[in-house]
Structure formats: structure tokens, C-alpha cells
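This report refers to the structure that appears directly beneath it.
Computed from the coordinates by the stated procedures, all read-outs in this text should not be read as laboratory data. Source: prediction; values computed, not measured. Reconstructed Cβ throughout: ideal geometry from the backbone, glycine too, with neighbour counts over all protein chains shown.
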Amino acid sequence: MIKIALGDLRHSTGGKHSVFMPLGIGFIASYALSQLGSKNVEIRLYDDPGVIIKDIKSWKPTIVGLSNYCWNSELSRLVFRHAKKVNPGVVCVAGGPDFPTDHAECEAYLLKRPEIDFYVYFEGEFSFAALVKKIHRGDKIHQLKGAPQDGAMSIHPETGNLVFGEPLPRLMNMDEIPSPYLTGLMDQWFNGCYAPMIETARGCPFTCGYCFIGQSWFCPVGTFSVQRMKDELTYIAQRMRKYPDVLLSICDSNFGMYERDEEIGKHIGKLQDEFGWPNSFDVTTGKANYDRILRMAAILKNKMYVICSVQSLNPKTLEVIKRRNPSMDEYQRINAEIKKRGMVSSTEAIVPLPEETRESFFKGLRMVSNIIGVDRVIPYTTMLLRGTCLASKEYREKYQMQTKYRLLPRQFGEYLGEKCFEVEEVCVATKTMPFNDYLEVRGFSLVSNFFSTEQFDIIHRHLKELGVSKYDFIYHLWELIKSGKTPLSDIYSRYIEETKEELRDSEESIRDYFKEQENYNKLVSGEMGDNLIRKYTTKLLLEKCVPSIDLAYATIERMANKTITKDARESLAAARRWAVASRNISAVLRDDSYIKISENLKLPYDVNAWYREGYNSNPLITHNKPTVYRFYCDVENLKKIFIEIKNLYGGDFYFQIGKLLTTSSIEEFWRQCEVLK
Ligand code: SF4
């Protein structure tokens, strides 16, 4: 009997970064079991580093297989080293995307990590099972390492050279992998602390240069049968009905793009009716066939966000990164449809990318905001992921990409007396975008991100009515905030400082810095090491909620000054009071007594009626009817949410709220508004 410990390990010292059930190791396990049989192999699955560390000592597995993502590869190394120390004969197998593609780099990677015996690259199910079969029949490890193994790489024990096994063909009929859900392998995670993850298709027809999946090898898309997906989803929903607010993750690269997805979507819609789950999704929707994706969103009660990502709108950049965006007309149409359904329209941008300039970046933002009408742009700093063409020597040199290193947000911990940190390489300047321009873009991104949240949807309505461009409004706010003259400016300055401070010249300098106990404590307390846009957006929301509403109203009045009438000014003042009474999230989240009390408010305009009528309502000034409201919190619902987010994300309040804001509606925290007369 071969004992195998498979882990997809997560740091949790700074809050749980990933709440998803470890589906990848579930697939590896279910396929290996189907090939070897449970009489010959016993497999245990882990996500908690503490548990696998203990089991390696007590259970003594023959093989330890760990996933390698950018957020856990150092943790996996630490556990491999521990396994080798406990039993030098253990076979350590790594797999996952955090691995180079260039063979010289693969060799250097493995030579630096002697604790890894085999690296199973690309899809792991077949290669891992083939390796286990050989170990089971008694092949010696040093012989296996010295001869090419399909889909795996190793270092030759004698020569120290890379031994490269040819890649296996892509797995097209994915039903060959038995379901880890239906075989009960994932049952241990149905406790409300994890979100189920499914994969309906693997691969991507696109070739984006910054993405690991963009490699041509992943081009053909393998699929699980629709029936298999339906069976899995029913099994999952039956167990998740107790946790209606826990999301479903669909880890496809382009969910909703294919005809078959619609049938899967319809099935999920039925489960929503029958089991009251899922009510929120973590999903990357497709980059084509938007009509179908929008139909699916409707089937899923518009709880699946449709994000039409652009990454850049600079044609030269798009050419370099081999990305194709929808045409402007198509994009406009998609966006209009998203908004018609009352959903927030978002897009993502990566900065700095090759050939992007400060001007081209802002021009692109102006275009998506003013012409397309997108509500929210989510900016990301360019990560140089192993194996991508953006990380290649050629790209780095050609586009003079200057890179730095930073801790992956909250990805650290202390195990076996050793501090462990996950570090990422990011690009912070290029031939066309100097570092200072990058900082400017980052600054704008925070302001844009904050004022584009649903918290300010009422402001967006005013902008529309008064004919003020949303992009100009945010740009104006940004200039005010960075001038240092607003109540939000201190937090903004601190954000810019931390954006600079988090960057170091090497991985080692990050590790050396945080190994110092004083600095490590700052990570544990959350003072350092978080995703800065999330951290500071949450900070603004929790600490400057009312001042930010006031600033937004003052800015609108100033910008619309020439055209605004006395009545419109009065109606805005009423709306500001309504917004403060209903959306003081700082008080709802931080003041226990506030959620228990109600507040009556008399306003000269029926702001509530205007707001409820939605984007196509008559102007606010036409609602000039004195109205009395009562504002109150749904205390029971709030308590339920607080418990669920604590289960999912751990005890750090700022982190919980920051994560929640990326997956759920902020509306849950607004006070209810009852019209009294
Ligand atoms: S579409 Fe998405 S998954 Fe596909 S290559 Fe581009 S970024 Fe990667």
C-alpha cells in the first residue's frame, strides 16, 4: 500500500486568502485512485499546513505531492523539506503553474530546490498517476529521476542536469477523471468555512502574454460532460443549502462563452430555486459571445458578475501582449445591457504593460468611462508570472521592464519555527512609463476604485442627471485628494508611501526584512503586507465614510456650478442627508449601538422614491414632496453575515470587509429606509 499526502496549502496567519475547496488535488487524487485502486493506494488531502506537517510525522506517507502557485510555493518547499527530514526516502512531487517554461530556467529552478524530486508540469493527473504506478511496482527513485518521465521534470542524480519528460497530450474528455465530489473526496470541506470550486472546462483559446494559460499548449479546451457537471453541482448544492452566503467558484478561464455553459447555467438556476444556493459567484466570464454570457447572468438571477476586461486600450500594448478586446460598439452594447439590469459594470486593467504611457492609460480610462459608460475599473499591477511571455528575457529587455519584489498580500506564516513568505515579482516601470507615472496611476486607481463602488451609486445618478462626466468627476476628486486639502488626503498619502515601501530589489531582501520579529509582527497585525488598494479602500470606507459622501457632494456642486439651479442645489442637499442616514457603513460596522437604533428624517424631496425608480427615473428635482423616513438596520441579517465572513476569512475585521466587498454587495450593510409619511 502506497500512502500519498496531497496538499494545496494555504497560509492563514493573516486571514484566509483562499477560501476555495482544493479542487486541483481532488482531481489528482480521484484519477490516481481510479488507476491504482484503493487497495494499492491511500490518499489524504490537505489544505492546512499544520495538519500535513503533523501527519508527515505520524502517518509517514510514501509520496508527498504539493501544488505550486505563486501564493504557496515557498510553503510547499518548507513542507517538502520537512518531509525529507522526517523520511529521506519520501518522494516529493510538485505541480502547478508557478514553474518556468524555458528549460534552462526549469533546471535552475529545480537545482535551487533539491527537496523536489519531480515537477509535474502542465496538467498533472495523468503524469502523477503514471509516476505513482512506477513507484508502486517498485522502481527505484534515483532511476526514475535519471530517466525522462512523461509530463515531469527532474534533476539527474548523477549528472545534475535537467531530465525532461515529454508533455502528455491534452486531456480533452475530462470525464476520464472521476469526480472528487461524487466520490466523497471533498466532503471534509463542506463545513461553511470553504467555498466549493468547480471546473467545467480547462484551457483557453486566447493567448494573453501575461497569463500562464496563454501558452499555446492550453489552446484546445478540454471539457467535462454537462451531465457530470449537473451531478456535481446537485451534490454540492445539497450540502451548501445551510450556507446560502458562501459563494460558488467556477475556475474555467471563460465561463459562459460556450453553448454548453448555458445548460450548466440553467441547472445552477434550478439549484438556486431548490436549495437557495448559490447566491454569489467567483467566476471569470468569457471574452467572446457576450450575448450568451448575459443570458446566463440572467438565468443566475444576475448574481454572477459579468466583467468585460480590457487590460489596456492602447492598440500598441494590445498587440504586444497578444490580446484582443471587444470592439468599442460591442463593448458599449454589453455595458448598456449590464447596467439595464441594475448590475455594476466593471473592467480590469493591468499597469504598466509594454508600450503603455501615462497618457495612453488615462486616455483609455476616459474612453471606458465616458464613451462606454463603465462604472468601475479594477487596476492591477503587472505581475511577472513564471512561464509567461511577459516574464521572458526577450520582453524584459525589449520593453525595459523594471521589476521589483513585494510580499504577496498576506501570504506568510510561521511553521516548524521557520518564517515563510511568498514573494511576487512586479513590473513598476517600462521604457514608456517611468516609476513616477506608475505611482500616479496607482494613486488615481485608489480614488477611482473607492468612488466607483456601489456605495456611491447615488452619486453616479446625480452625475448622470447633471451631465457631469464620471471620469472628470473622479479625476477632479483625485486632484483634490492628492493636493492634501481633504479629510481623505492623509489616508491617500499613506497609501502612496506604502506603495513605495512595499517594493524591494530582491526576494531575499523581502524575506530578510520580514524575518525580523518587529517587522513580522506588523504583518501579523495587518499593519503591513496587504493588498494596498483593498486595504485603503476599506480604510476609507470604514474611517471616512461620511466625509467621503460630503466630499463627493461638494465636488458635484462645484463641477455643475454653472448650470445648477437653486432647486437642484436643495435637492442635492436632501440627497446628501439621505445618503448619510442610509449609508454610514463606518457606523454600521464599527458601532454596536448604532445598528440597534433607528433614526427619523424629514426631507423636502422624496429622495428614496427617486432612488428606487432606478437609472431611468425622472430627475430628483421633480420629486419635490416633503417626506418622512425611518432608517434602521436589519440586525439579524447583519449578525448572520458577520458570522459567515468570520468563518470564511478569519478574525481580521478589515480583511473580512475588504474581501467581502469584492464578492458581495455592499448594500447588505446599508440601513433600510421606511417611508413614514
Ligand atoms: S483569456 Fe484569460 S485565461 Fe485566456 S489567456 Fe487571456 S488571461 Fe489567460
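Observations
- Convex hull per residue volume in Å³, alpha carbons only, for the chain: 154 Å³
- Alpha carbon centroid spacing (whole Å) that separates the range 451-474 from the range 203-254: 35 Å
- Here the relative contact order of the range 212-326, from alpha carbon pairs under 8 Å that lie six or more residues apart, stands at 24 percent.
- Each of R671, R295 has some number of other Cβ atoms within 10 Å of its Cβ, and from fewest to most they run R295, R671.
- Percent antiparallel among DSSP beta bridges (both partners in the range 1-157, rounded to 5): 10 percent
- DSSP bridge analysis restricted to the chain gives an antiparallel fraction near 45%, rounded to the nearest 5.
- The range 483-552 - Rg and Dmax from Cα coordinates, angstrom: 14.6, 45
- Listed residue pairs exceeding 20 Å between alpha carbons, taken from K539/K646; K500/K522; K301/K539; K230/K301: K301/K539
- Ordered by the number of other Cβ atoms lying within 10 Å of each residue's own Cβ, fewest first, S483, S392 fall into the sequence S483, S392.
- Straight-distance crosslink candidates among aspartates and glutamates, where the alpha carbon sits under 12 Å from K393 and sequence neighbours closer than 8 are dropped: D102, E105
- Alpha-carbon centroids, the range 484-512 and the range 358-410: separation in whole Å: 18 Å
- Here the range 20-47 is scanned for amide nitrogen atoms under 18 Å from the site 7 Å beyond the Cα of H136 along Cα-to-Cβ, giving 26-45.
- Taking the longest Cα principal axis of the chain as reference, the axis of helix 73-86 is set at about 30 degrees.
- The distance between label points at N624 and L111 comes to 8.1 nm (points 7 Å beyond Cα on the Cα→Cβ vector).
- 12 Å beta-carbon shell around K515, net charge (K/R +1, D/E -1): -4
- Cα centroid separation - the range 565-616 against the range 290-354, whole Å: 32 Å
- The range 565-675 - percent relative contact order, Cα under 8 Å, separation 6 or more: 32 percent
- Spin-label pair K596-R558: with each label point 7 Å from Cα along the Cα-Cβ axis, the two points sit 4.1 nm from one another.
- Per residue convex hull volume, Cα atoms of the range 1-151, in Å³: 107 Å³
- In the chain, the DSSP-assigned H stretches of four residues or longer account for a calculated mean residue ellipticity at 222 nm of -13500 deg cm²/dmol, using -39500 (n - 2.57) per stretch and the full residue count as denominator.
- Order by protection proxy (mean Cβ within 10 Å, highest first), peptides 595-601, 208-214: 208-214, 595-601
- Rounded tilt (10° steps) of 470-482 against the dominant C-alpha axis of the chain: 80 degrees
- The long axis of helix 457-466 is offset from the longest Cα principal axis of the chain by roughly 50 degrees.
- Counting only aspartates and glutamates at least 8 places from K596 when in the same chain, those with an alpha carbon closer than 19 Å to its own are D634, E636, E667, E668, E674.
- The range 361-422: translational diffusion in µm²/s, Stokes-Einstein, Kirkwood Rh over Cα pairs, 4 °C, 1.567 mPa s: 84 µm²/s
- Mean shadow area of the range 565-675, taken as a quarter of the surface of its Cα convex hull (nm²): 7.7 nm²
- Residues H156, H267, H11 arranged by fewest to most Cβ contacts within 10 Å: H156, H267, H11
- For the range 436-529, the orientation-averaged shadow of the C-alpha convex hull comes to 7.8 nm² (one quarter of the hull surface).
- Taking a sphere under 12 Å around the Cβ of L385 and counting the other residues whose Cβ falls inside, with K and R at +1 and D and E at -1, yields a net charge of -2.
- Summary of packing: across the peptides 556-564, 445-453, the per-residue average of other C-beta atoms within 10 Å ranks them, highest first, as 445-453, 556-564.
- Relative contact order %, the chain, counting alpha carbon pairs below 8 Å whose residues are six or more apart: 11 percent
- Listed by chain and number, the lysines whose alpha-carbon sits under 18 Å from that of K39, ignoring those within fewer than 8 places in the same chain, are K3, K60, K133, K134.
- Sites E501 and A609 - FRET efficiency at Förster radius 60 Å, r taken between beta-carbons, to 0.05: 0.80
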